[in-house]
Amino acid sequence: MIKITGVKKAFGSREILKGIDLTVPTGTVTIILGPSGSGKTTFLRTLNFLEKADAGVMELEGTTVDLHTASKQEQLQIRRRTSMVFQMYNLFSHMTAIENVMEGLRTVRGMAKKDAEKIARECLEEVGMLDFAKQYPSQLSGGQQQRVGIARAMAMNPEVILFDEPTSALDPELVGEVLAVIKKVATDRKITMIVVTHEIGFAREVADQVVFMENGVVVERGNAEDVLGNPKEERTRAFLNRYLNA
């Protein structure tokens with residue numbers, strides 16, 4: 001289980017996160033929805049120390065870390081147990097697909113090349129990208145690059161994968177293939193996932209929990225059927241009506 005309490009973050013005088021609490025049971029998928037500027041991406045980034053929170057505590061399967069004062073060693077501990085899939089893929093352009101997947105295994109885990117390559121091949125096969133293992137990012141479509149990014153995250157065998165709007169940079173016809181891969185990983189591997197997305201249909205299919213954020217606070221949370229089908233909060237209803245009727 002991952003339990004997050006009291007996460008706050010401001011940039012200058014602008015308060016982005018105003019005290020976020022979230023509990024995600026092990027092996028479940030939590031979808032975070034909300035309008036642009038609601039703090040969703042910043043929240044994810046504080047969990048992986050890509051942004052330093054001003055306050056907040058995270059408990060991850062027996063390990064408790066203060067997100068504001070965590071030492072480099074504590075940060076490394078959490079990063080070794082979590083992976084992140086980015087909106088813009090963040091692949092190394094000078095490395096092939098399989099080299100991108102192997103990179104963390106080699107540099108962070110210190111794994112032998114042969115062992116890292118075996119794991120990388122398995123993960124690429126799982127996301128349907130093994131035939132493109134020797135291709136460079138510039139030779140791949142956006143959807144293919146994101147699938148490599150998912151394979152890279154899986155290769156580290158994380159307890160938690162954080163997805164930051166994994167389909168928002170894709171052409172519409174490529175969104176489905178990436179969502180299908182995420183759904184397959186969620187079903188097959190039972191990895192705990194926190195996914196920031198605007199894909200309401202996807203949330204209905206895979207979410208164990210849906211969280212609606214706005215203006216740096218959690219407005220509503222619950223199972224997908226309740227939050228998406230019968231939201232209690234007017235702000236949630238307004239967002240869903242706007243989005244579904246767009």
Practice item. Name the most mobile residue of 83, 13, 71, meaning the one with the largest mean-square fluctuation, in a Gaussian network model of the chain with Cα contacts below 10 Å. Key: 13
Review point. Hey, how many Å between the Cα centroid of region 21-40 and the Cα centroid of region 214-246?
Key: 12 Å
Check your understanding: What is the magnitude of the charge dipole of the chain about its Cα centre, with +1 placed on the Cβ of each Lys and Arg, -1 on the Cβ of each Asp and Glu, and no other charges, expressed in debye to the nearest 20?
Key -> 560 debye
Revision key, fill the gap. Karplus ³J(HN,Hα) for region 11-27 (6.51 cos²θ - 1.76 cosθ + 1.60, θ = phi - 60°; Hz, whole; x = Gly/Pro) runs 10, x, 8, 8, 7, 8, 10, 10, x, 8, 10, 7, 10, 10, x, 4, x
**Study point:** Of 200, 182, 161, the one that fluctuates the most in a GNM where the chain has Cα springs shorter than 10 Å
**Key:** 200
Check your understanding: Here are several values of percent of Cα pairs over 32 Å apart: [x] 20; [y] 16; [z] 24. Which one was derived from the coordinates shown?
Key -> [x]
Practice item. Post the alpha-carbon centroid distance, region 84-101 to region 147-197, in whole angstrom. Key: 14 Å
Practice item. With θ set to phi - 60°, apply the Karplus curve 6.51 cos²θ - 1.76 cosθ + 1.60 along region 126-133 and write out the HN-Hα couplings as whole Hz, x wherever there is a Gly or Pro. Key: 5, 9, x, 10, 5, 5, 10, 4
Check your understanding: Longest span of the chain, sites excluded, free of GluC sites (Glu not before Pro) in DSSP loop with at most 14 other C-beta atoms within 10 Å?
Key -> 62-232
Check your understanding: Which far-off residues, 5 or more places away or on another chain, put their amide H under 5 Å from the one on residue 211, with H placed in the peptide plane?
Key -> 31, 32, 33
Point to revise | Amide H partners (placed H, <5 Å) of residue 84, local residues excluded | key: 162
Check your understanding: If you roll a 1.4 Å probe over the heavy atoms of the protein chains, what accessible area per residue do you get for region 112-208, in Å²?
Key -> 44 Å²
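The values are calculated or read from the model by the stated rules, or taken from the named source; none is laboratory data. Quick caveat, the model's predicted, so the values are computed rather than measured. Virtual Cβ from ideal backbone geometry, glycine too; neighbours counted across all protein chains shown. Note: accessible area is taken over every heavy atom of the protein model, side chains too, but ligands, DNA and RNA are not part of it. Shrake-Rupley method; radii C 1.70, N 1.55, O 1.52, S 1.80 Å.
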